[in-house]
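Read the structure below first, then the notes.
The values are calculated or read from the model by the stated rules, or taken from the named source; none is laboratory data. In this text, all values refer to a predicted model and were calculated from it rather than measured experimentally. Positions of Cβ are generated from backbone atoms using ideal geometry, with glycine treated the same way; all protein chains shown enter the neighbour counts. Ligands, DNA and RNA are excluded from the accessible area calculation, which covers all protein heavy atoms including side chains. Shrake-Rupley method; radii C 1.70, N 1.55, O 1.52, S 1.80 Å.
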2 protein chains.
Amino acid sequence: MSPSDPDTLHEHISKQYDHELFDIRSRVLSLGGLVEDQIHSAVKALLEGDTDLAERVIVDDYKVNSLEVSIDEECTQILALRQPTARDLRLVVAVIKTITDLERIGDEAKRIARHAIDLAAHFPKRNQLTELGELARQARALIRDALDSFARMDVDTALQVAERDKQVDSVYESIMRQQLTYMMEDPRLIPVSLGIMWSARSLERIGDRACNICEYVIYYAMGKNIRHISIDQVQQDLMRR
Amino acid sequence: MSPSDPDTLHEHISKQYDHELFDIRSRVLSLGGLVEDQIHSAVKALLEGDTDLAERVIVDDYKVNSLEVSIDEECTQILALRQPTARDLRLVVAVIKTITDLERIGDEAKRIARHAIDLAAHFPKRNQLTELGELARQARALIRDALDSFARMDVDTALQVAERDKQVDSVYESIMRQQLTYMMEDPRLIPVSLGIMWSARSLERIGDRACNICEYVIYYAMGKNIRHISIDQVQQDLMRR
């Protein structure tokens with residue numbers, strides 16, 4: 001993406017307006033990068049029992065929050081002063097929704113960091129965490145690709161993310177079954193298993209939010225709200241175009 | 001709220017525009033009522049082991065989704081055609097955000113309904129569910145009051161909801177501790193306790209989303225984004241006005 005992106009540039013006489021639209025898009029990507037780092041650190045803290053790192057994730061959440069509020073205000077300014085229509089309007093609406101999801105992903109990272117602190121006191125066995133590491137890797141990849149589809153407003157990548165979220169759900173289900181077995185076999189493991197289950201749930205939700213972002217990309221590109229419509233349906237619509 | 005509400009009527013020459021703004025507000029309240037019913041039925045299904053009712057909640061989620069999409073489209077239309085500014089713009093933005101939260105509350109109701117189906121097969125003891133019933137009662141009251149503050153755009157009610165969410169959190173924490181104790185004492189109870197924990201988590205999240213709606217009401221009324229600001233700070237700001 002660059003300020004000379006054909007989506008935005010040739011439509012407007014005001015170079016300032018182009019710059020504003022470019023700016024909110026690139027600030028969404030900054031927010032996305034920040035949130036990705038927060039997930040990465042939270043999961044690292046959990047897997048390595050690093051409570052200092054977990055504390056830092058909790059403290060740094062304010063950065064996510066203040067950037068989100070600032071982009072939100074910029075969007076409202078653009079709506080009020082530029083009165084965008086068509087594609088530009090869809091961009092601003094997509095940005096408003098995307099940053100809400102990114103901020104809530106930041107909240108999930110904070111929750112994982114809190115579980116990291118609780119679990120560090122219980123020394124979970126290494127093999128209890130293997131699958132969680134894999135789930136985290138997949139969830140982060142989804143966020144990265146969702147942001148990539150947002151950066152390029154690329155519908156194909158967006159649709160792929162939605163497909164891949166099914167794999168995340170299946171790893172999540174497997175972790176839940178595994179931890180249930182551990183708990184039933186040895187009740188002393190219950191607190192640790194619960195911490196792992198809650199963290200897994202947070203990661204699964206992060207995957208869902210990556211899908212939300214992809215839905216906004218498709219809404220922007222196609223002018224169509226695809227929430228609650230199956231991916232197959234969207235792909236058929238795409239082929240018909 | 002009525003179409004002759006002073007907030008909206010005397011500002012616009014176009015009666016049609018007034019009607020549109022009135023319409024999205026009243027449709028948000030319809031969506032809110034629908035979502036409240038879904039929570040009520042999901043929790044009733046859980047407490048009474050009524051799987052038919054739980055199935056109905058799951059099926060009826062499409063009504064929540066389609067109403068949300070329809071209001072969302074109406075908002076985008078108003079932004080494009082009416083190019084609202086100031087208070088009207090804040091209303092439309094508040095509506096867009098509120099309906100997202102309402103739709104996600106509907107998702108939580110669906111999750112509770114799924115747990116109701118799982119738990120019905122396990123016959124939880126009645127006393128395991130007492131506190132969950134209380135949590136559900138409090139969470140639903142928060143939603144009702146959040147919607148009431150939205151209907152009247154009343155900052156005082158909105159601030160009270162945010163305060164009362166702390167009680168919801170405390171009942172939630174108590175349920176989590178209680179279920180942990182049950183599980184440790186009798187591992188056969190683990191599946192039931194987990195179902196209760198997940199349902200409690202959904203209800204706690206519903207409380208959080210009621211608070212989000214209240215934040216949008218305050219944003220509309222005060223022109224100020226209070227997310228991530230303490231209630232004390234907002235109250236001080238209010239007194240200074």
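When the stretch B:127-157 is filtered for residues that are charged (D, E, K, R) and part of a helix (DSSP H, G or I), the ones remaining, listed by number, are B:Glu131, B:Glu134, B:Arg137, B:Arg140, B:Arg144, B:Asp145, B:Asp148, B:Arg152, B:Asp156. Among the residues of the stretch A:142-152, is any polar (S, T, N, Q), buried (at least 17 other Cβ atoms within 10 Å of the Cβ) and in contact with a Cys (Cβ under 7 Å, 6 or more places away or on another chain)? For the stretch A:142-152, residues polar (S, T, N, Q), buried (at least 17 other Cβ atoms within 10 Å of the Cβ) and in contact with a Cys (Cβ under 7 Å, 6 or more places away or on another chain): present.
Selection of the stretch A:192-205 for residues being facing another protein chain (nearest Cβ under 10 Å) and either open to solvent by less than 20 Å² (accessible area, probe 1.4 Å) or of a type outside the set (Lys, Arg) (or both) yields A:Ser193, A:Leu194, A:Met197, A:Trp198. With respect to the stated conditions, A:Ala80 fails to be assigned to a helix (DSSP H, G or I), among the small types (Gly, Ala, Ser) and buried (at least 17 other Cβ atoms within 10 Å of the Cβ). Against the test of being over 30 Å from A:Val93 (Cα atoms), open to solvent by 10 Å² or more (accessible area, probe 1.4 Å) and assigned to a helix (DSSP H, G or I), the options A:Gln160, A:Gln167, A:Gln178 yield a single qualifying residue, A:Gln178. With respect to the conditions (1) over 19 Å from A:Arg87 (Cβ atoms); (2) within 8 Å of another protein chain (Cβ to nearest Cβ); (3) open to solvent by 40 Å² or more (accessible area, probe 1.4 Å), B:Lys63 falls short on a single one, namely (2).
Of the listed requirements (1) in a helix (DSSP H, G or I); (2) within 12 Å of chain B (Cβ to nearest Cβ), A:Ala109 misses just one: (2). Evaluating B:Leu189 against the criteria (1) surrounded by 20 or more Cβ atoms within 10 Å (Cβ to Cβ); (2) within 14 Å of chain A (Cβ to nearest Cβ); (3) among the hydrophobic types (A, V, I, L, M, F, W, C) leaves one unmet condition, (1). Can you say whether A:Glu103 is open to solvent by 10 Å² or more (accessible area, probe 1.4 Å) and either touching a helix residue (DSSP H, G or I) at 6+ places or on another chain (Cβ under 9 Å) or not hydroxyl-bearing (Ser, Thr, Tyr) (or both), as far as the supplied structure shows? Answer is no for this residue.
Would it be correct to say that B:Glu74 is acidic (Asp, Glu), more than 20 Å from the chain's Cα centre (by Cα) and at pLDDT 95 or above? Taking the combined requirement at face value, the residue satisfies it.
Within the stretch B:83-94, the set of residues being at the interface with chain A (Cβ under 7 Å from one of its Cβ atoms), surrounded by 16 or more Cβ atoms within 10 Å (Cβ to Cβ) and not in a helix (DSSP H, G or I) comprises B:Gln83 only. Go through (1) more than 9 Å from chain A (Cβ to nearest Cβ); (2) within 17 Å of B:Arg111 (Cβ to Cβ); (3) at pLDDT 95 or above and name the single condition B:Leu47 misses. Unmet for B:Leu47, out of (1) more than 9 Å from chain A (Cβ to nearest Cβ); (2) within 17 Å of B:Arg111 (Cβ to Cβ); (3) at pLDDT 95 or above: (3). Could you tell me whether A:Val28 is under 14 Å from the mean Cα position of the chain (by Cα) and either β-branched (Val, Ile, Thr) or away from chain B (no Cβ under 14 Å) (or both)? Yes, satisfied. Among the residues here, B:Ala113 qualifies as small (Gly, Ala, Ser), within 21 Å of B:Leu194 (Cβ to Cβ) and buried (at least 18 other Cβ atoms within 10 Å of the Cβ). Taking the criterion of being of a type in the set (Asp, Glu) and in contact (Cβ under 8 Å) with a residue 60 or more places away in the chain, the residues of the stretch A:11-44 that qualify are A:Glu11, A:Glu20, A:Glu36. A:Thr76 meets each of the listed conditions (1) in contact with a Lys or Arg (Cβ under 6 Å, 6 or more places away or on another chain); (2) within 12 Å of another protein chain (Cβ to nearest Cβ) apart from (1). Here B:Ser30 passes the criteria (1) within 11 Å of B:Leu102 (Cβ to Cβ); (2) buried (at least 16 other Cβ atoms within 10 Å of the Cβ); (3) not basic (Lys, Arg) except the one numbered (2). Against the list (1) under 15 Å from the mean Cα position of the chain (by Cα); (2) open to solvent by 60 Å² or more (accessible area, probe 1.4 Å), the condition A:Lys97 fails is (2). Kindly establish whether B:Arg144 is out of contact with any Phe, Trp or Tyr (no Cβ under 8 Å at 6 or more places or on another chain), at pLDDT 95 or above and of a type in the set (D, E, K, R). It is true that B:Arg144 is out of contact with any Phe, Trp or Tyr (no Cβ under 8 Å at 6 or more places or on another chain), at pLDDT 95 or above and of a type in the set (D, E, K, R).
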